[in-house]
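Readers should treat all values here as calculations from the given coordinates under stated rules, not as data from a laboratory. These figures come from a predicted structure and were not determined experimentally. With ideal geometry, Cβ positions are generated from the backbone for all residues, glycine too; neighbour counts draw on all protein chains shown.
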Amino acid sequence: MAGTLILCAGPIGNLADAPPRLAEALASASVIYAEDTRRAHTLLQHLGVQGSVRSYFVGNESKRAAEIGSLLAGGATIALLTDAGTPAVADPGVTAVRAAIEAGATVTGIPGPSAVTLAISLSGESGDRFVFEGFLPRKGGARTKRLQAVAGEERTTVLFCAPRRLASDLGDLAELVGQRTCVVCREMTKLHEEVWRGTVSEAAEHWAERTVKGEVTVVIGGGEPPEPSLEAAIEATMGAIEGGERLSVAVKRIARETGVGRRALYEAVIDR
């Protein structure tokens, strides 16, 4: 019978936030794979757990995933522990899960504190609907595309920022969404926790003048929905009519799709 892969979320800062079940899961594992073995040993010592720890990070993830799959196929219980986060959520882990699925193993998890949800709670922005963008690409077209996606987002956006890139990330965001609200959460749950509030432009100016250390999560308020374009709706309706759709049917459908008022659209098309 295949074994079990336990995805273990690590505390995002304060080790006292580790749930009791995390200690039980780590103690039950044949092998513990950890994103940062040094920090893993610190956590294990705090929890009073001893175990065999091997590295599992971006640089050796593919190799380790094959190893994990082989151990799981043999019936082992494997714990996968990421540093200050949850496996496979902006952290290594996807390859291990896929290897476990292929091996027919059970995949379960120990949830833990989340920088994403805690930052939203602290921000004062709506958490009913939000988007998590993780880390922005460093450069090139991929970065431009993601920045534009954030600019067009109506939901609350959560980003992770490396300390050395915080100023450049905020500077590029300020060019697109400078007046949106911005909350920068640094070192959450730790001794020097800091929550800074302002606009994106103010954040870019403020953090450009500071030497930043520690884990950083940024929350940006959603943008206003764009005003519906009557002209675009008219063009779409005219095209639908030319394609054989009845005027009343086309107006009703396109008004619903675009948000333009049905009466205003109907009268505008008639006037054409």
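Of all residues in the stretch 46-60, those that are touching a residue at least 40 places away in the same chain (Cβ under 8 Å) have Cβ atoms under 6 Å from Cβ atoms of residues that are part of a helix (DSSP H, G or I), 6 or more apart or on another chain, in 56/64. Note on the stretch 217-272: among residues that are without any contact (Cβ under 8 Å) to a residue 60 or more places away in the chain and in contact with a Gly (Cβ under 8 Å, 6 or more places away or on another chain), the one that is nearest to residue 185 (Cα to Cα) is 228. For the stretch 183-196, filtering for residues that are touching a residue at least 24 places away in the same chain (Cβ under 8 Å) and outside any loop (DSSP other than H, G, I, E, B) leaves 5. Only one entry in 122, 44 is crowded, with 17+ Cβ neighbours inside 10 Å and either out of contact with any Pro (no Cβ under 8 Å at 6 or more places or on another chain) or not in a loop (DSSP other than H, G, I, E, B) (or both), namely 44.
Can you confirm whether residue 224 is closer than 22 Å to residue 152 by Cα, in a loop (DSSP other than H, G, I, E, B) and either of a type in the set (S, T, N, Q) or out of contact with any Leu (no Cβ under 8 Å at 6 or more places or on another chain) (or both)? The answer is yes for residue 224. If the condition is being surrounded by 20 or more Cβ atoms within 10 Å (Cβ to Cβ) and of a type in the set (D, E, K, R), then the stretch 170-205 contributes 180, 186.
The sole residue among 208, 167 that is farther than 30 Å from residue 265 by Cα, touching a residue at least 24 places away in the same chain (Cβ under 8 Å) and surrounded by fewer than 17 Cβ atoms within 10 Å (Cβ to Cβ) is 208. Within the stretch 1-36, restricting attention to residues that are surrounded by fewer than 17 Cβ atoms within 10 Å (Cβ to Cβ) and of a type outside the set (A, V, I, L, M), the residue that is nearest to residue 186 (Cα to Cα) is 14.
When 118, 136 are checked against the criterion of being free of Cβ contacts under 8 Å to residues at least 40 places away in the same chain and of a type outside the set (D, E, K, R), 136 stands alone in meeting it.
Count of the stretch 185-222 residues, restricted to those that are under 20 Å from residue 127 (Cβ atoms) and touching a Pro at 6+ places or on another chain (Cβ under 9 Å), is 5.
Residues that are over 25 Å from the mean Cα position of the chain (by Cα), surrounded by fewer than 23 Cβ atoms within 10 Å (Cβ to Cβ) and in contact (Cβ under 8 Å) with a residue 40 or more places away in the chain within the stretch 66-99 comprise 71, 73, 74, 75, 76, 77, listed in sequence order.
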